[in-house]
1. Would you confirm, using the coordinates I've provided, whether D64 is in a helix (DSSP H, G or I), closer than 27 Å to P5 by Cα and of a type in the set (D, E)?
2. Please go through (1) under 20 Å from D119 (Cβ atoms); (2) of a type in the set (G, A, S); (3) open to solvent by less than 10 Å² (accessible area, probe 1.4 Å); (4) in contact with a helix residue (DSSP H, G or I) (Cβ under 9 Å, 6 or more places away or on another chain) for G30 and return the number of the only condition it doesn't satisfy.
3. For segment 1-21, give me each residue that is basic (K, R) and either within 17 Å of D65 (Cα to Cα) or in contact with a Cys (Cβ under 6 Å, 6 or more places away or on another chain) (or both).
4. Within the bounds of segment 63-86, is there any residue that is open to solvent by 10 Å² or more (accessible area, probe 1.4 Å), modelled with pLDDT under 90, within 17 Å of D113 (Cβ to Cβ) and in contact with a Lys or Arg (Cβ under 8 Å, 6 or more places away or on another chain)?
5. Hey, any hits in segment 93-110 for a residue that's free of Cβ contacts under 8 Å to residues at least 24 places away in the same chain and open to solvent by less than 60 Å² (accessible area, probe 1.4 Å)?
6. Checking the structure you have, find out if any residue of segment 36-59 is modelled with pLDDT under 90, among the β-branched types (V, I, T) and open to solvent by 60 Å² or more (accessible area, probe 1.4 Å).
Amino acid sequence: MRPAPEIVGIEFDWLAIDKEGRLAFFSTAGSGMAPKSAIDNRESLDAALLLIETPNWGTVHVWDDYASVGLYVYDWDLSNGVYRRLRVPAGSANRAPLASLKMVSGVPRVDCDFALQNDIRPEILR
């Protein structure tokens, strides 16, 4: 499975909802796969992600920013061909943005449980 041509070589970040209704943030690292619905709705997903305060943008601590609003955080692991979970939602998270993020058009639903999935294979992201 290869990434869609529209996102090859660019940092494409997107959201997904699991079977329990939990939200996760995914970072393609310029080479990861993404569901067609996320790619087709990338403008609305980009706008939604701008609602999250990321004071640590440009550092490895940006993952903490996403976890602080209640998101699971996955980053593409090129050497293993999977999304690897880097963060779980922070215990004292400000969850205010979650409700609006779930309503963004194009947020794909995936058949897994983010609380139990350390790695996510691209096959389940269709």
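1. Details: in a helix (DSSP H, G or I): yes; closer than 27 Å to P5 by Cα: no; of a type in the set (D, E): yes.
No, not satisfied.
2. In the conditions (1) under 20 Å from D119 (Cβ atoms); (2) of a type in the set (G, A, S); (3) open to solvent by less than 10 Å² (accessible area, probe 1.4 Å); (4) in contact with a helix residue (DSSP H, G or I) (Cβ under 9 Å, 6 or more places away or on another chain), G30 misses (3) alone.
3. First, pick out the residues of segment 1-21 that are basic (K, R): 2, 19.
Selection gives nothing.
4. Within segment 63-86 (the criterion being open to solvent by 10 Å² or more (accessible area, probe 1.4 Å), modelled with pLDDT under 90, within 17 Å of D113 (Cβ to Cβ) and in contact with a Lys or Arg (Cβ under 8 Å, 6 or more places away or on another chain)), the answer is no, since none of the residues qualifies.
5. If we filter segment 93-110 for residues that are free of Cβ contacts under 8 Å to residues at least 24 places away in the same chain, which is where we start, we get 99, 103.
In the following step, the residues that additionally are open to solvent by less than 60 Å² (accessible area, probe 1.4 Å) were identified as none.
Checking segment 93-110: not a single residue is free of Cβ contacts under 8 Å to residues at least 24 places away in the same chain and open to solvent by less than 60 Å² (accessible area, probe 1.4 Å).
6. The answer is no; no qualifying residue exists.
Yes or no, residue by residue, for (1) in contact with a strand residue (DSSP E or B) (Cβ under 8 Å, 6 or more places away or on another chain); (2) surrounded by fewer than 17 Cβ atoms within 10 Å (Cβ to Cβ); (3) farther than 12 Å from P122 by Cβ; (4) without any contact (Cβ under 8 Å) to a residue 12 or more places away in the chain:
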| site | (1), (2), (3), (4) |
| --- | --- |
| I7 | no, no, yes, no |
| W14 | yes, no, yes, no |
| D18 | yes, no, yes, no |
| G21 | no, yes, yes, no |
| F26 | yes, no, no, no |
| A34 | yes, no, no, no |
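The values are calculated or read from the model by the stated rules, or taken from the named source; none is laboratory data. A quick note: this is a predicted structure, and the numbers were derived from the prediction, not measured. Positions of Cβ are backbone-derived with ideal geometry, glycine not excepted, and every protein chain shown enters the neighbour counts. Accessible surface areas use protein heavy atoms only, side chains included; no ligands, DNA or RNA. Shrake-Rupley method; radii C 1.70, N 1.55, O 1.52, S 1.80 Å.
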